[in-house]
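Below is one structure; the comments refer to it alone.
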Ligand SMILES: O=C(O)CCC(=O)C(=O)O
Ligand SMILES: [Fe+2]
(Lines give C-alpha, C1' and ligand atoms only; values in the text may rest on other atoms or scores of the structure.)
(Ligands and ions follow the chains in the order given, each with its own letter.)
Protein backbone atom coordinates (compact mmCIF):
# COMPACT_ATOMS: atom_id res chain seq x y z
CA UNK A 1 0.00 0.00 0.00
CA UNK A 2 2.80 2.32 0.85
CA UNK A 3 4.11 1.91 -2.71
CA UNK A 4 0.74 3.02 -4.12
CA UNK A 5 0.72 6.16 -2.06
CA UNK A 6 4.30 7.13 -2.74
CA UNK A 7 5.28 6.72 -6.35
CA UNK A 8 8.15 7.46 -8.70
CA UNK A 9 10.60 10.10 -7.56
CA UNK A 10 8.62 10.77 -4.42
CA UNK A 11 9.08 7.11 -3.55
CA UNK A 12 12.80 7.29 -4.19
CA UNK A 13 13.17 10.41 -2.12
CA UNK A 14 11.19 8.95 0.73
CA UNK A 15 13.30 5.83 0.61
CA UNK A 16 16.45 7.94 0.73
CA UNK A 17 15.06 9.77 3.71
CA UNK A 18 14.36 6.46 5.39
CA UNK A 19 17.83 5.30 4.43
CA UNK A 20 19.34 8.29 6.12
CA UNK A 21 17.21 7.65 9.16
CA UNK A 22 18.46 4.09 9.24
CA UNK A 23 21.96 5.58 9.36
CA UNK A 24 23.90 2.60 8.12
CA UNK A 25 21.54 0.11 9.67
CA UNK A 26 20.00 -1.56 6.67
CA UNK A 27 17.86 -4.08 8.44
CA UNK A 28 14.98 -1.65 9.03
CA UNK A 29 15.03 -0.69 5.42
CA UNK A 30 15.25 -4.20 4.09
CA UNK A 31 12.23 -4.94 6.25
CA UNK A 32 10.37 -2.07 4.60
CA UNK A 33 11.30 -3.31 1.16
CA UNK A 34 9.86 -6.65 2.07
CA UNK A 35 6.47 -5.12 2.96
CA UNK A 36 5.15 -6.18 -0.40
CA UNK A 37 6.38 -7.46 -3.72
CA UNK A 38 5.24 -4.31 -5.48
CA UNK A 39 7.06 -2.16 -3.00
CA UNK A 40 10.18 -4.21 -3.55
CA UNK A 41 10.08 -3.94 -7.34
CA UNK A 42 9.17 -0.28 -7.25
CA UNK A 43 12.47 0.27 -5.56
CA UNK A 44 13.93 -0.75 -8.94
CA UNK A 45 16.80 -2.13 -6.89
CA UNK A 46 18.02 1.43 -7.10
CA UNK A 47 17.50 2.45 -3.58
CA UNK A 48 18.56 -0.95 -2.33
CA UNK A 49 21.82 -0.41 -4.20
CA UNK A 50 22.15 2.93 -2.48
CA UNK A 51 21.59 1.27 0.84
CA UNK A 52 24.27 -1.26 0.08
CA UNK A 53 26.66 1.62 -0.52
CA UNK A 54 25.65 3.24 2.71
CA UNK A 55 25.95 -0.08 4.51
CA UNK A 56 29.61 -0.26 3.49
CA UNK A 57 30.21 2.37 6.12
CA UNK A 58 30.62 6.09 6.31
CA UNK A 59 34.21 5.93 5.03
CA UNK A 60 33.29 4.83 1.50
CA UNK A 61 33.20 7.32 -1.34
CA UNK A 62 29.69 6.41 -2.39
CA UNK A 63 28.26 6.74 1.09
CA UNK A 64 29.88 10.12 1.63
CA UNK A 65 28.71 11.38 -1.73
CA UNK A 66 25.21 10.09 -1.05
CA UNK A 67 24.94 12.10 2.14
CA UNK A 68 25.89 15.29 0.28
CA UNK A 69 23.67 14.90 -2.81
CA UNK A 70 20.78 17.37 -2.81
CA UNK A 71 17.59 15.33 -2.79
CA UNK A 72 15.73 17.32 -5.40
CA UNK A 73 18.62 16.92 -7.83
CA UNK A 74 18.83 13.22 -7.11
CA UNK A 75 15.14 12.78 -7.92
CA UNK A 76 15.37 14.52 -11.27
CA UNK A 77 18.54 12.57 -12.11
CA UNK A 78 16.72 9.31 -11.47
CA UNK A 79 13.98 10.37 -13.88
CA UNK A 80 16.52 11.02 -16.63
CA UNK A 81 18.39 7.80 -15.88
CA UNK A 82 15.17 5.79 -16.18
CA UNK A 83 14.49 7.49 -19.53
CA UNK A 84 17.97 6.52 -20.71
CA UNK A 85 17.48 2.94 -19.59
CA UNK A 86 14.21 2.77 -21.52
CA UNK A 87 15.90 3.62 -24.83
CA UNK A 88 18.69 1.14 -24.16
CA UNK A 89 16.45 -1.75 -23.30
CA UNK A 90 12.69 -1.87 -23.47
CA UNK A 91 12.34 -4.57 -20.83
CA UNK A 92 11.14 -3.78 -17.31
CA UNK A 93 13.69 -1.77 -15.37
CA UNK A 94 14.27 -4.43 -12.75
CA UNK A 95 15.56 -6.77 -15.48
CA UNK A 96 18.79 -4.76 -15.31
CA UNK A 97 19.43 -6.41 -11.99
CA UNK A 98 17.70 -9.72 -12.74
CA UNK A 99 20.64 -11.87 -11.63
CA UNK A 100 21.42 -9.92 -8.48
CA UNK A 101 25.12 -9.95 -9.35
CA UNK A 102 25.84 -6.67 -7.55
CA UNK A 103 25.29 -8.47 -4.26
CA UNK A 104 27.63 -11.31 -5.29
CA UNK A 105 30.62 -9.20 -6.33
CA UNK A 106 32.61 -9.65 -3.12
CA UNK A 107 32.23 -13.43 -3.21
CA UNK A 108 33.22 -13.62 -6.91
CA UNK A 109 36.20 -11.35 -6.33
CA UNK A 110 37.40 -13.42 -3.36
CA UNK A 111 37.00 -16.66 -5.38
CA UNK A 112 38.97 -15.13 -8.22
CA UNK A 113 41.80 -14.15 -5.83
CA UNK A 114 42.02 -17.69 -4.43
CA UNK A 115 42.14 -19.16 -7.92
CA UNK A 116 44.66 -16.57 -9.16
CA UNK A 117 46.97 -17.24 -6.22
CA UNK A 118 47.17 -20.94 -7.15
CA UNK A 119 47.44 -20.26 -10.86
CA UNK A 120 50.29 -17.82 -10.25
CA UNK A 121 52.07 -20.24 -7.93
CA UNK A 122 51.97 -22.89 -10.69
CA UNK A 123 53.23 -20.42 -13.32
CA UNK A 124 50.09 -20.77 -15.48
CA UNK A 125 49.03 -17.19 -14.73
CA UNK A 126 51.50 -14.32 -14.60
CA UNK A 127 51.49 -10.92 -12.87
CA UNK A 128 51.92 -7.72 -14.83
CA UNK A 129 55.37 -6.30 -13.98
CA UNK A 130 55.10 -3.61 -11.30
CA UNK A 131 57.56 -0.76 -11.82
CA UNK A 132 58.44 2.02 -9.42
CA UNK A 133 59.09 5.28 -11.31
CA UNK A 134 61.64 6.11 -8.60
CA UNK A 135 63.66 3.00 -9.40
CA UNK A 136 63.21 2.74 -13.17
CA UNK A 137 64.25 5.67 -15.35
CA UNK A 138 62.26 6.62 -18.48
CA UNK A 139 65.13 5.34 -20.67
CA UNK A 140 65.16 1.97 -18.95
CA UNK A 141 61.35 1.85 -19.13
CA UNK A 142 61.50 2.45 -22.88
CA UNK A 143 64.10 -0.31 -23.38
CA UNK A 144 62.54 -2.94 -21.14
CA UNK A 145 58.83 -2.30 -21.68
CA UNK A 146 57.83 0.00 -24.55
CA UNK A 147 60.34 -1.26 -27.13
CA UNK A 148 60.04 -4.82 -25.88
CA UNK A 149 56.18 -4.71 -25.97
CA UNK A 150 55.89 -5.84 -22.35
CA UNK A 151 52.95 -4.64 -20.20
CA UNK A 152 53.87 -2.78 -17.02
CA UNK A 153 52.22 -1.00 -14.11
CA UNK A 154 53.93 2.28 -13.20
CA UNK A 155 53.02 2.48 -9.53
CA UNK A 156 52.02 5.90 -8.22
CA UNK A 157 53.03 7.76 -11.40
CA UNK A 158 49.75 9.75 -11.34
CA UNK A 159 49.72 10.21 -7.58
CA UNK A 160 50.36 13.96 -7.80
CA UNK A 161 48.04 14.71 -10.72
CA UNK A 162 45.42 17.39 -9.94
CA UNK A 163 42.75 14.91 -11.07
CA UNK A 164 43.45 12.81 -7.97
CA UNK A 165 41.62 15.60 -6.16
CA UNK A 166 39.50 17.30 -8.82
CA UNK A 167 38.07 14.02 -10.17
CA UNK A 168 37.25 12.71 -6.71
CA UNK A 169 33.52 11.91 -6.99
CA UNK A 170 32.60 14.49 -4.37
CA UNK A 171 34.65 17.23 -6.07
CA UNK A 172 33.39 16.21 -9.51
CA UNK A 173 29.82 16.35 -8.32
CA UNK A 174 30.29 19.84 -6.84
CA UNK A 175 32.04 21.10 -9.98
CA UNK A 176 29.68 19.42 -12.46
CA UNK A 177 26.24 19.66 -10.86
CA UNK A 178 25.18 22.38 -13.31
CA UNK A 179 27.20 21.10 -16.29
CA UNK A 180 24.66 19.98 -18.89
CA UNK A 181 27.13 18.34 -21.34
CA UNK A 182 26.58 14.62 -21.64
CA UNK A 183 29.21 11.89 -21.85
CA UNK A 184 28.71 8.50 -23.48
CA UNK A 185 27.44 5.73 -21.21
CA UNK A 186 26.34 3.29 -23.91
CA UNK A 187 24.31 3.02 -27.07
CA UNK A 188 20.66 2.55 -27.94
CA UNK A 189 19.18 -0.20 -30.09
CA UNK A 190 20.05 1.77 -33.24
CA UNK A 191 23.69 2.07 -32.23
CA UNK A 192 23.35 5.78 -31.34
CA UNK A 193 25.37 7.12 -28.41
CA UNK A 194 23.44 7.47 -25.16
CA UNK A 195 24.67 10.42 -23.07
CA UNK A 196 24.32 11.38 -19.42
CA UNK A 197 25.68 14.41 -17.57
CA UNK A 198 28.34 13.71 -14.93
CA UNK A 199 25.93 14.70 -12.13
CA UNK A 200 23.25 12.32 -13.45
CA UNK A 201 25.79 9.57 -13.91
CA UNK A 202 27.02 9.92 -10.32
CA UNK A 203 23.40 9.66 -9.17
CA UNK A 204 23.10 6.53 -11.34
CA UNK A 205 26.18 5.01 -9.71
CA UNK A 206 24.68 5.55 -6.29
CA UNK A 207 21.24 4.29 -7.22
CA UNK A 208 22.00 1.24 -9.34
CA UNK A 209 22.44 -2.40 -8.48
CA UNK A 210 22.76 -3.54 -12.10
CA UNK A 211 24.29 -6.81 -13.27
CA UNK A 212 26.26 -5.08 -16.05
CA UNK A 213 26.33 -1.42 -15.00
CA UNK A 214 26.45 1.41 -17.53
CA UNK A 215 30.04 2.56 -18.04
CA UNK A 216 31.12 6.11 -18.91
CA UNK A 217 33.50 5.55 -21.83
CA UNK A 218 33.83 8.81 -23.71
CA UNK A 219 36.36 10.19 -26.20
CA UNK A 220 34.82 13.65 -26.60
CA UNK A 221 35.18 14.64 -22.94
CA UNK A 222 37.99 17.12 -23.65
CA UNK A 223 35.85 18.97 -26.20
CA UNK A 224 32.57 18.64 -24.26
CA UNK A 225 33.93 19.53 -20.82
CA UNK A 226 37.35 21.17 -21.33
CA UNK A 227 37.73 21.69 -17.57
CA UNK A 228 38.37 17.95 -17.23
CA UNK A 229 41.61 18.36 -19.18
CA UNK A 230 42.99 20.51 -16.37
CA UNK A 231 43.12 17.41 -14.18
CA UNK A 232 46.16 15.90 -15.89
CA UNK A 233 49.05 16.21 -18.30
CA UNK A 234 50.01 13.13 -20.32
CA UNK A 235 53.03 11.49 -18.62
CA UNK A 236 55.37 12.36 -21.49
CA UNK A 237 58.49 11.58 -19.48
CA UNK A 238 57.61 7.86 -19.72
CA UNK A 239 55.68 8.03 -23.01
CA UNK A 240 57.48 10.71 -25.05
CA UNK A 241 56.67 9.46 -28.54
CA UNK A 242 53.30 10.05 -30.15
CA UNK A 243 53.38 10.28 -33.92
CA UNK A 244 49.61 10.70 -34.04
CA UNK A 245 49.95 14.00 -32.18
CA UNK A 246 51.57 15.32 -35.37
CA UNK A 247 48.11 15.30 -36.96
CA UNK A 248 47.04 18.12 -34.65
CA UNK A 249 43.33 18.68 -34.23
CA UNK A 250 42.36 16.26 -37.00
CA UNK A 251 43.70 13.17 -35.25
CA UNK A 252 41.16 10.35 -34.73
CA UNK A 253 39.81 9.65 -31.20
CA UNK A 254 42.75 9.05 -28.87
CA UNK A 255 41.70 9.83 -25.28
CA UNK A 256 38.89 8.42 -23.19
CA UNK A 257 37.39 9.36 -19.83
CA UNK A 258 36.10 6.33 -17.95
CA UNK A 259 33.97 6.12 -14.86
CA UNK A 260 31.94 3.24 -13.49
CA UNK A 261 30.65 1.59 -10.34
CA UNK A 262 31.76 -1.69 -8.81
CA UNK A 263 31.23 -4.52 -11.27
CA UNK A 264 31.48 -2.36 -14.40
CA UNK A 265 34.33 -2.82 -16.87
CA UNK A 266 35.44 -3.10 -20.47
CA UNK A 267 34.78 -6.27 -22.48
CA UNK A 268 37.75 -8.17 -23.80
CA UNK A 269 39.13 -6.24 -26.78
CA UNK A 270 42.23 -5.07 -28.53
CA UNK A 271 42.88 -1.35 -29.14
CA UNK A 272 43.27 0.07 -32.67
CA UNK A 273 46.15 -1.70 -34.44
CA UNK A 274 49.70 -0.46 -33.92
CA UNK A 275 48.70 1.81 -31.04
CA UNK A 276 49.95 1.54 -27.46
CA UNK A 277 48.01 2.94 -24.51
CA UNK A 278 48.57 4.26 -21.03
CA UNK A 279 45.69 4.12 -18.58
CA UNK A 280 45.79 6.19 -15.38
CA UNK A 281 43.42 5.33 -12.53
CA UNK A 282 42.52 8.40 -10.47
CA UNK A 283 39.95 6.88 -8.16
CA UNK A 284 38.97 3.34 -7.15
CA UNK A 285 40.59 0.03 -8.03
CA UNK A 286 40.63 -1.74 -11.40
CA UNK A 287 41.42 -5.41 -12.04
CA UNK A 288 43.04 -6.10 -15.43
CA UNK A 289 43.75 -9.18 -17.51
CA UNK A 290 46.17 -8.72 -20.41
CA UNK A 291 46.50 -11.46 -22.97
CA UNK A 292 49.36 -12.18 -25.34
CA UNK A 293 48.71 -10.89 -28.89
CA UNK A 294 49.45 -14.39 -30.23
CA UNK A 295 46.05 -15.61 -28.99
CA UNK A 296 43.08 -15.41 -31.33
CA UNK A 297 39.72 -13.68 -30.89
CA UNK A 298 38.16 -17.14 -30.42
CA UNK A 299 40.67 -18.03 -27.71
CA UNK A 300 39.81 -14.96 -25.63
CA UNK A 301 36.03 -15.27 -26.03
CA UNK A 302 35.33 -12.50 -28.57
CA UNK A 303 32.14 -13.52 -30.34
CA UNK A 304 31.31 -16.30 -27.89
CA UNK A 305 30.95 -14.24 -24.70
CA UNK A 306 28.06 -11.76 -25.21
CA UNK A 307 28.91 -8.02 -25.16
CA UNK A 308 26.73 -7.39 -22.15
CA UNK A 309 28.20 -10.22 -20.07
CA UNK A 310 29.39 -8.87 -16.72
CA UNK A 311 33.14 -8.60 -16.10
CA UNK A 312 32.95 -10.98 -13.16
CA UNK A 313 31.76 -13.72 -15.51
CA UNK A 314 34.71 -13.24 -17.88
CA UNK A 315 37.19 -13.28 -15.00
CA UNK A 316 35.42 -16.20 -13.33
CA UNK A 317 34.90 -18.45 -16.35
CA UNK A 318 36.55 -17.47 -19.63
CA UNK A 319 39.85 -16.42 -18.05
CA UNK A 320 40.21 -19.62 -16.10
CA UNK A 321 39.64 -21.80 -19.18
CA UNK A 322 42.02 -19.58 -21.15
CA UNK A 323 44.80 -19.98 -18.60
CA UNK A 324 44.35 -23.78 -18.60
CA UNK A 325 44.52 -23.91 -22.39
CA UNK A 326 47.36 -21.37 -22.77
CA UNK A 327 49.51 -21.35 -19.64
CA UNK A 328 51.81 -18.34 -19.29
CA UNK A 329 49.96 -16.22 -21.86
CA UNK A 330 47.80 -14.18 -19.48
CA UNK A 331 48.90 -11.52 -16.98
CA UNK A 332 46.70 -9.92 -14.33
CA UNK A 333 47.09 -6.99 -11.98
CA UNK A 334 45.00 -4.86 -9.62
CA UNK A 335 45.59 -1.19 -10.47
CA UNK A 336 45.16 1.23 -7.57
CA UNK A 337 44.42 4.95 -7.70
CA UNK A 338 47.53 6.79 -8.87
CA UNK A 339 48.91 3.84 -10.90
CA UNK A 340 49.43 4.06 -14.67
CA UNK A 341 49.25 0.90 -16.79
CA UNK A 342 51.14 0.52 -20.06
CA UNK A 343 49.36 -1.66 -22.66
CA UNK A 344 51.57 -2.63 -25.62
CA UNK A 345 50.14 -2.86 -29.16
CA UNK A 346 48.04 -5.90 -29.98
CA UNK A 347 47.55 -7.11 -26.38
CA UNK A 348 43.98 -8.18 -25.59
CA UNK A 349 42.66 -6.69 -22.37
CA UNK A 350 39.60 -6.73 -20.16
CA UNK A 351 38.77 -4.86 -16.94
CA UNK A 352 36.71 -5.33 -13.81
CA UNK A 353 36.19 -2.26 -11.61
CA UNK A 354 36.38 -3.13 -7.92
CA UNK A 355 36.12 0.24 -6.14
CA UNK A 356 32.70 1.71 -5.41
CA UNK A 357 33.42 4.51 -7.92
CA UNK A 358 36.28 4.06 -10.43
CA UNK A 359 37.58 6.91 -12.58
CA UNK A 360 40.31 6.71 -15.20
CA UNK A 361 41.73 8.43 -18.25
CA UNK A 362 43.50 6.65 -21.08
CA UNK A 363 45.42 7.81 -24.16
CA UNK A 364 46.38 5.77 -27.21
CA UNK A 365 49.59 6.69 -28.98
CA UNK A 366 51.86 5.55 -31.80
CA UNK A 367 55.61 5.13 -31.33
CA UNK A 368 58.10 5.33 -34.16
CA UNK A 369 58.87 1.61 -33.78
CA UNK A 370 55.21 0.53 -34.05
CA UNK A 371 54.67 2.94 -36.92
CA UNK A 372 57.57 1.29 -38.81
CA UNK A 373 56.08 -2.09 -38.01
CA UNK A 374 52.71 -0.98 -39.42
CA UNK A 375 54.44 0.17 -42.62
CA UNK A 376 56.04 -3.27 -42.96
CA UNK A 377 52.62 -4.90 -42.58
CA UNK A 378 51.28 -2.98 -45.59
CA UNK A 379 54.38 -2.94 -47.79
CA UNK A 380 52.68 -5.26 -50.28
CA UNK A 381 49.76 -2.83 -50.69
CA UNK A 382 49.75 -0.83 -53.88
CA UNK A 383 48.08 2.20 -52.40
CA UNK A 384 50.03 3.17 -49.28
CA UNK A 385 47.80 6.11 -48.40
CA UNK A 386 44.55 4.18 -48.38
CA UNK A 387 46.23 1.35 -46.47
CA UNK A 388 47.36 3.86 -43.81
CA UNK A 389 43.89 5.43 -43.81
CA UNK A 390 42.29 2.03 -43.12
CA UNK A 391 44.87 0.93 -40.58
CA UNK A 392 44.66 4.04 -38.41
CA UNK A 393 40.99 4.94 -39.01
CA UNK A 394 41.76 8.25 -40.74
CA UNK A 395 39.16 10.38 -42.49
CA UNK A 396 40.50 10.08 -46.02
CA UNK A 397 43.60 9.53 -48.13
CA UNK A 398 44.50 13.23 -48.00
CA UNK A 399 44.78 13.07 -44.27
CA UNK A 400 46.91 9.93 -44.57
CA UNK A 401 49.16 11.74 -47.07
CA UNK A 402 49.54 14.77 -44.80
CA UNK A 403 50.38 12.54 -41.85
CA UNK A 404 52.96 10.51 -43.78
CA UNK A 405 54.50 13.79 -44.78
CA UNK A 406 54.85 15.25 -41.29
CA UNK A 407 56.05 11.92 -39.91
CA UNK A 408 58.81 11.72 -42.52
CA UNK A 409 59.91 15.27 -41.68
CA UNK A 410 59.90 14.72 -37.92
O1 LIG B 1 39.72 1.43 -18.14
C2 LIG B 1 39.11 0.48 -18.65
O3 LIG B 1 38.17 -0.08 -18.08
C4 LIG B 1 39.52 -0.04 -20.01
C5 LIG B 1 39.96 1.01 -20.95
C6 LIG B 1 40.35 0.50 -22.30
O7 LIG B 1 40.68 -0.63 -22.45
C8 LIG B 1 40.33 1.36 -23.47
O9 LIG B 1 40.06 2.56 -23.34
O10 LIG B 1 40.57 0.86 -24.57
FE1 LIG C 1 41.45 -0.83 -24.50
**Message:** I'm told residue 156 meets every condition in (1) at positive phi; (2) crowded, with 17+ Cβ neighbours inside 10 Å; (3) at pLDDT 95 or above except one. Can you identify the failing condition by its number?
**Reply:** (2)
**Message:** Given (1) within 16 Å of ligand 1 (Cβ to nearest atom); (2) buried (at least 20 other Cβ atoms within 10 Å of the Cβ), identify the lone condition not met by residue 238.
**Reply:** (1)
**Item:** From 356, 339, residue being buried (at least 19 other Cβ atoms within 10 Å of the Cβ), more than 15 Å from ligand 1 (Cβ to nearest atom), in the same structural domain as residue 295 (by TED's automatic domain parsing) and farther than 23 Å from residue 118 by Cβ
**Value:** 356
**Message:** Given the criterion within 13 Å of ligand 2 (Cβ to nearest atom) and more than 23 Å from residue 108 (Cβ to Cβ), identify the matching residue among 245, 277, 289.
**Reply:** 277
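In the range 354-375, what residues are within 30 Å of residue 172 (Cα to Cα) and more than 14 Å from ligand 2 (Cβ to nearest atom)?
Residues of the range 354-375 that are within 30 Å of residue 172 (Cα to Cα), as a first pass: 354-365.
Across the range 354-375, the qualifying residues are 354, 355, 356, 357, 358, 359.
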**Request:** Go through the range 371-405 and give me each residue that's more than 16 Å from ligand 1 (Cβ to nearest atom), surrounded by 14 or more Cβ atoms within 10 Å (Cβ to Cβ) and touching a residue at least 24 places away in the same chain (Cβ under 8 Å).
**Result:** 371, 373, 374, 391, 394, 399, 402, 403
**Prompt:** Looking at (1) out of contact with any helix residue (DSSP H, G or I) (no Cβ under 8 Å at 6 or more places or on another chain); (2) part of a loop (DSSP other than H, G, I, E, B), which is the only condition residue 252 fails?
**Reply:** (1)
**Prompt:** Within the range 248-273, can you find the residues that are within 25 Å of residue 395 (Cβ to Cβ) and more than 13 Å from ligand 2 (Cβ to nearest atom)?
**Reply:** 248, 249, 250, 251, 252, 257
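Residue 321 - would you say it is assigned by TED's automatic domain parsing to the domain that holds residue 141, under 24 Å from residue 143 (Cβ atoms) and more than 13 Å from ligand 2 (Cβ to nearest atom)?
No, not satisfied.
The values are calculated or read from the model by the stated rules, or taken from the named source; none is laboratory data. Since we're looking at a predicted model, the values are computed, not measured. With ideal geometry, Cβ positions are generated from the backbone for all residues, glycine too; neighbour counts draw on all protein chains shown.
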